[in-house]
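Structure first, commentary second.
The values are calculated or read from the model by the stated rules, or taken from the named source; none is laboratory data. These numbers were taken from a predicted model, which means no experiment stands behind them. Here the Cβ positions follow ideal geometry from the backbone for every residue, glycine too, while neighbour counts run over all protein chains shown. SASA here: full protein model, heavy atoms, side chains in, ligands and nucleic acids out. Shrake-Rupley method; radii C 1.70, N 1.55, O 1.52, S 1.80 Å.
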Amino acid sequence: MRTSTPSFSNLIKHPLATIITLFVISLALLFLPPDVSSRVKMTCAAPMRPFQWATCFCSNKASAFLDNLISALHEAHGKRHLEEQVLQFKNKLVEQQDTIYKLQNKLRTLSKFQAENTTTKKSPVPADIIGYDTSNFRKSITINAGSKHGVKPNDIVISDNALVGRITTVSGRNSVVQLITDPATHIPGRVVQTREQVIVEGNATAFCKLKYAPRWAKLKKGDDIVTSDIGGLYPPSLPIATVVEHETKSGALFQSVKVLPRVNISKIESVLVITH
């Protein structure tokens, strides 16, 4: 009678038989002599060695890769943190440099005023520019000094010992300064070189113009314009502007004169208020 070897499908269909078979094989292996058991183990393990080596190699490589990746992430995070700290230090340095520049500019302006006005007994009020008028028809700035600092309407505002404008509106801590470039500004002035009396008028640009400059006045480019004693509002001999262009039209009684203010309003950050 011929017996057939049980197939894998038959073993699956009869799990109890499979378990018993494996149990019997295990018992047989336990009771084998040591030398035979060793040879059986070596024979069974030999086909698995390549797989074990490959598994170990891949495991080591994967572990090294993960270690390098984690190390790179830590280094990148540390580098980014250091870059942020360096950027913060740079910003603080720029902020401190700007503050030092402002303080030095205030001190220089005040020292220059006191050196060139030794007879003036009143101390000017220093102030920072905190706003600009954006209107095309009016030119003014806002400063952070007001009635609480002793500022009043019609007080004169200067920078680098040259005229900037006058106070028109005052609140507790702020004031509005009408610039010399405002079209509503009319400042009594005098040409230093020719001694001609003129009126400096704004024209809503970076320049001003002279009114009532006689056609016979021998003006030339570079002549200086200062405040005069007429009117009593402005202190005398305060620099206002410099002549840049002049023209005498046929039949006109006065010259057409274009002057440039001595103070570049767009560049100054602080001013002095001369109180009455």
(request) Would you mention how many residues in segment 125-153 are open to solvent by less than 60 Å² (accessible area, probe 1.4 Å) and touching a residue at least 60 places away in the same chain (Cβ under 8 Å)? (result) 10
(request) Please go through segment 258-276 and pick out each residue that is surrounded by fewer than 21 Cβ atoms within 10 Å (Cβ to Cβ) and in contact with a helix residue (DSSP H, G or I) (Cβ under 7 Å, 6 or more places away or on another chain). (result) GLU269, SER270
(message) Is it the case, given these coordinates, that ILE225 is under 30 Å from ASN174 (Cα atoms), open to solvent by less than 20 Å² (accessible area, probe 1.4 Å) and without any contact (Cβ under 8 Å) to a residue 40 or more places away in the chain?
(response) yes
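This table checks each residue for (1) on the phi > 0 side of the Ramachandran plot; (2) touching a strand residue (DSSP E or B) at 6+ places or on another chain (Cβ under 8 Å); (3) of a type in the set (A, V, I, L, M); (4) open to solvent by less than 20 Å² (accessible area, probe 1.4 Å).
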site	(1), (2), (3), (4)
VAL198	no, yes, yes, yes
TYR212	yes, yes, no, no
LYS221	no, yes, no, no
PRO236	no, yes, no, no
VAL243	no, yes, yes, yes
HIS246	no, yes, no, no
GLY251	yes, no, no, no
SER256	no, yes, no, no
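With the condition being closer than 14 Å to ARG138 by Cα and not acidic (Asp, Glu), I'd like the strands (runs of 3 or more DSSP E) fully within segment 163-239 carrying at least 2 qualifying residues. Lay out the reasoning, then the answer.
Details: elements: 175-179, 186-191, 197-202, 208-211, 224-227.
Where strands (runs of 3 or more DSSP E) fall fully within segment 163-239 and carry at least 2 residues being closer than 14 Å to ARG138 by Cα and not acidic (Asp, Glu), they are 175-179.
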(request) Working only within segment 179-196, note down all residues that are of a type outside the set (Gly, Ala, Ser) and open to solvent by 30 Å² or more (accessible area, probe 1.4 Å). (result) PRO183, HIS186, ARG190, VAL192, GLN193, THR194, ARG195, GLU196
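Where residues in segment 261-276 are of a type in the set (A, V, I, L, M, F, W, C) and part of a strand (DSSP E or B), which of them is farthest from the chain's Cα centre (by Cα)?
Initial filter on segment 261-276 (of a type in the set (A, V, I, L, M, F, W, C)): 263, 265, 268, 271-274.
If we keep only those that are part of a strand (DSSP E or B) as well, we get 271-274.
Values: VAL271: 23, LEU272: 26, VAL273: 29, ILE274: 32 Å.
Checked segment 261-276; the qualifying residue farthest from the chain's Cα centre (by Cα) is ILE274.
Is one or more of the residues making up segment 205-213 under 39 Å from the mean Cα position of the chain (by Cα) and modelled with pLDDT under 90?
Looking only at segment 205-213, we keep the residues that are under 39 Å from the mean Cα position of the chain (by Cα), and these are 205-209.
From what's left, modelled with pLDDT under 90: 205-206.
Yes, the conditions are met somewhere in segment 205-213.
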(request) Scan (1) open to solvent by less than 10 Å² (accessible area, probe 1.4 Å); (2) free of Cβ contacts under 8 Å to residues at least 60 places away in the same chain for the single condition ASN174 breaks and write down its number. (result) (1)
